Each structure stands twice: as C-alpha cells, then as structure tokens.
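Student: If you scroll down you'll find the structure; I have some questions about it.
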Amino acid sequence: MEQDSLTLHGDGISATIVRQGAELVSLRDSEGTELLWQAGPAWKRHSPVLFPIVGRLKGDQLRHRGRSYPMTQHGFARDRRFAWTEQG
C-alpha cells in the first residue's frame with residue numbers, strides 16, 4: 001500500500017504533502033517552526049488545491065461546448081486521491 005503522506009526536504013525547509021487532494025499540510029523552516037495553518041475546529045483544511053475553479057458554478061455545473069459537467073465548489077482536485085509518481 002502506498003504511503004499517505006510524503007515529506008520533502010531541501011534548502012532549509014521541509015514540506016509534507018498528503019495524497020488526499022495533494023494538499024500541503026506542513027511547511028517547516030530549518031528550526032522546525034511550523035509556517036502553515038494546522039487545521040482546527042473553525043477550518044479543518046490546511047492549504048487545499050482549488051482546481052480548476054475557485055468558487056462555485058451556477059447549479060454546480062460546468063458548461064463547455066454545449067455540454068454540462070458536474071463541478072463541485074472549488075473544483076475536483078481537493079477531493080481526489082493522488083498517486084506519487086516521482087520524488088526528486
């Protein structure tokens with residue numbers, strides 16, 4: 001089973017990303033100070049990827065070239081589970 005999070009280190013900073021939504025959940029400087037919101041009762045996310053839209057479309061539908069496609073608020077990326085393809 002593939003791991004659910006990945007931490008990358010470089011140039012005095014570390015970043016932790018989770019597969020769910022490819023969301024950055026931690027960003028620490030060289031002293032270990034957390035630089036990112038750590039979720040809480042008021043807002044449970046950290047830094048969601050809002051793609052391909054920010055906001056909500058009328059009727060939660062994207063219309064393109066005469067066709068309609070379902071599109072939830074802020075797009076689909078934050079609700080998808082991503083796969084790791086390469087670590088540099």
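Student: Hey, can you tell me all the residues within segment 60-88 that are of a type in the set (D, E, K, R) and under 16 Å from Glu23 (Cβ atoms)?
Tutor: Matches in segment 60-88: Arg78, Asp79, Arg80, Arg81.
Student: Hey, among the residues in segment 36-59 that are more than 15 Å from the chain's Cα centre (by Cα) and surrounded by 11 or more Cβ atoms within 10 Å (Cβ to Cβ), which one's nearest to Arg19 (Cα to Cα)?
Tutor: Arg56
Student: While we're looking at this one, here's another question. Across segment 13-35, what is the number of residues that are among the β-branched types (Val, Ile, Thr), over 19 Å from Ala77 (Cβ atoms) and surrounded by 11 or more Cβ atoms within 10 Å (Cβ to Cβ)?
Tutor: 1
Student: Restricting to segment 43-85, name every residue that is of a type in the set (Phe, Trp, Tyr) and either in contact with a strand residue (DSSP E or B) (Cβ under 7 Å, 6 or more places away or on another chain) or touching a residue at least 24 places away in the same chain (Cβ under 8 Å) (or both).
Tutor: Phe51, Tyr69, Phe76, Phe82, Trp84
Student: Quick one: how many residues across segment 69-88 are surrounded by 12 or more Cβ atoms within 10 Å (Cβ to Cβ), among the hydroxyl-bearing types (Ser, Thr, Tyr) and out of contact with any helix residue (DSSP H, G or I) (no Cβ under 8 Å at 6 or more places or on another chain)?
Tutor: 0
Student: In the list Arg28, Arg19, which residue meets the criterion of being among the basic types (Lys, Arg) and more than 16 Å from the chain's Cα centre (by Cα)?
Tutor: Details: Arg19 fails: more than 16 Å from the chain's Cα centre (by Cα).
Matching residue, one of Arg28, Arg19: Arg28.
Values quoted throughout were computed directly from the atomic coordinates according to the rules given, and no laboratory measurement underlies them. Everything numeric here is computed off the predicted structure, so don't read it as measured data. Here Cβ is always computed from backbone atoms with ideal geometry, including for glycine, and neighbour counts include all displayed protein chains.
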